[in-house]
Each structure stands twice: as C-alpha cells, then as structure tokens.
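Student: Structure provided below as structure tokens; questions to follow.
The values are calculated or read from the model by the stated rules, or taken from the named source; none is laboratory data. As the structure is a computational prediction, the values presented were derived from the model and not from experiment. When we count neighbours, we look across all protein chains shown, and the Cβ atoms used for this are built from the backbone with ideal geometry, even at glycine.
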Amino acid sequence: MAIFVLTVVGLMFAASAVNAEQVKDFRMCRSTNCVVYDLFIDPCPEALDNKVCELPQATNVSIAFKYKPKFGSNLPKTRLYAQIFMLDLPFILQMDTNACLYTSCPVVKDTEQNWLYNVFLPKNYPRTGYTFMFKFWDTEPNAHSDDAQCCFKFDVRIV
Ligand SMILES: *[C@@H]1O[C@H](CO)[C@@H](O)[C@H](O)[C@H]1NC(C)=O
C-alpha cells in the first residue's frame, strides 16, 4: 500500500513538472498560408480528454507550436485575438506585436520553426468561452496580405 501511494505521488509530481498537453482540436483560418502542428498549451489537462482548455485567471499560460510558413519574413508581426460575439478582440492589448519575440527571425519559407507565447492571464479576465485566433503576417511593403499570413483558431474557456 505504501509503495502504491508513493508511486501515485511520484506520478503526480512527474505530471505537474510537464503540464503542457497537446491540443489536437484546432483549425486553420480560411485565409492562411502555413502548416501548423504540435500545438501544446500549459496548463490544459482537459486536452487529455479532448476537451476545451480551461485556463484559470491569474496564471501564466504558455502556447507553443511548430509551423512551416509558405512565405518568408524579416519583419513579421503577430496578434492573438479572443473572438467573442463575432468580434475579434486582441486577447491582451499590451502583448508585443513583434513576432521576433516569440519565434526566431527571419522567418524562413518552407522551414519548420517554433513559436512560443508566455502570457499572464489577468485575474479579472472575463470568465467565459472564447475562440482564440492566432495570426502572424509579413509587413514588408510588397507582401500580399493573404499570401503572407499564418492563422489558426482554437477554443478555450477562461475559468
Ligand atoms: C508568472 O510568471 C512570472 C514571470 O516568470 C512570475 O514572476 C510569476 O510569479 C508567475 N505567476 C504565477 C501566478 O505563476
């Protein structure tokens, strides 16, 4: 019995050390020009049951994924939107839109790259369901906006 309890406690520690779970339920936007895979959100134990992530207020949330863009960019910008009532609101207005803070620059066409957002979810963030829309795009003058953007969506609930 004691060994069983120790094992369970050990597994709990092991699990809490790596809280990020793979989120399979995401979808690309209509207007996008990239491939996205290996999306991990921390914390999101709900993903183990294929349920929507429940992000508690006043916690640090990380969103990590790999992507392969079909465009390159020296000056990429990014925004994470929280869609609610058909409106696209910036998830956190203060988040820096310089994409080079979250991925390595330049963004190279047809090359696998990593993305990592670490954001603090404020303690008064309205508790409800949202569709998060992630976007990044090239800002160079000759960029065609639809060809030079990467966009996908996933659902979350803030609790
Ligand atoms: C969130 O992360 C920041 C920076 O790493 C840290 O100082 C802070 O204590 C964290 N907050 C919580 C609630 O974990």
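Student: In this structure, is Thr7 at pLDDT below 90, polar (S, T, N, Q) and over 27 Å from Asn124 (Cα atoms)?
Tutor: yes
Student: Taking interchain pairs and intrachain pairs at least six residues apart, which have beta carbon atoms under 6 angstrom, with the first residue in region 103-126 and under 21 Å from Tyr81 (Cα atoms) and the second hydrophobic (A, V, I, L, M, F, W, C) and exposed (fewer than 11 other Cβ atoms within 10 Å of the Cβ)?
Tutor: What qualifies is Lys123/Ala58.
Student: Determine which member of the set Asn114, Asn98, Asn118 is among the polar types (S, T, N, Q) and more than 21 Å from Asp42 (Cα to Cα). Give the steps one after another, and end with the answer.
Tutor: On the way: Asn114 fails: more than 21 Å from Asp42 (Cα to Cα); Asn118 fails: more than 21 Å from Asp42 (Cα to Cα).
Being among the polar types (S, T, N, Q) and more than 21 Å from Asp42 (Cα to Cα) holds for just one of Asn114, Asn98, Asn118, which is Asn98.
Student: Any chance you could count how many residues in region 20-48 are part of a strand (DSSP E or B) and in contact with a strand residue (DSSP E or B) (Cβ under 6 Å, 6 or more places away or on another chain)?
Tutor: If we filter region 20-48 for residues that are part of a strand (DSSP E or B), which is where we start, we get 21-22, 26-28, 34-42.
Those left that are additionally in contact with a strand residue (DSSP E or B) (Cβ under 6 Å, 6 or more places away or on another chain): 22, 26-28, 34-42.
Residues in region 20-48 being part of a strand (DSSP E or B) and in contact with a strand residue (DSSP E or B) (Cβ under 6 Å, 6 or more places away or on another chain): 13 in total.
Student: In this structure, does Trp137 turn out to be over 15 Å from the mean Cα position of the chain (by Cα), closer than 20 Å to Leu39 by Cα and in a strand (DSSP E or B)? Outline the logic, then answer.
Tutor: Numbers: over 15 Å from the mean Cα position of the chain (by Cα): yes; closer than 20 Å to Leu39 by Cα: yes; in a strand (DSSP E or B): yes.
When the stated conditions are applied, Trp137 passes them.
Student: Assuming Pro126 fulfils every condition listed in (1) surrounded by 14 or more Cβ atoms within 10 Å (Cβ to Cβ); (2) under 26 Å from Lys51 (Cα atoms) apart from one, which condition is it?
Tutor: It fails just one condition, (1).
Student: Identify all residues within region 20-48 that are within 16 Å of the ligand (Cβ to nearest atom) and aliphatic (A, V, I, L, M); write none if there are none. Working first, answer last.
Tutor: First, pick out the residues of region 20-48 that are within 16 Å of the ligand (Cβ to nearest atom): 20, 41-44.
Passing the criteria: Ala20, Ile41.
Student: Can you run down the residue pairs with Cβ atoms below 9 Å, 6 or more apart or on separate chains, where the first is in region 48-70 and in contact (Cβ under 8 Å) with a residue 40 or more places away in the chain and the partner is among the hydroxyl-bearing types (Ser, Thr, Tyr) and more than 16 Å from the ligand (Cβ to nearest atom)?
Tutor: Taking only residues 6 or more apart or on different chains, the pairs are Phe65/Tyr37; Lys66/Tyr37; Tyr67/Tyr37; Tyr67/Thr103; Lys68/Tyr37; Lys68/Thr111; Pro69/Thr111.
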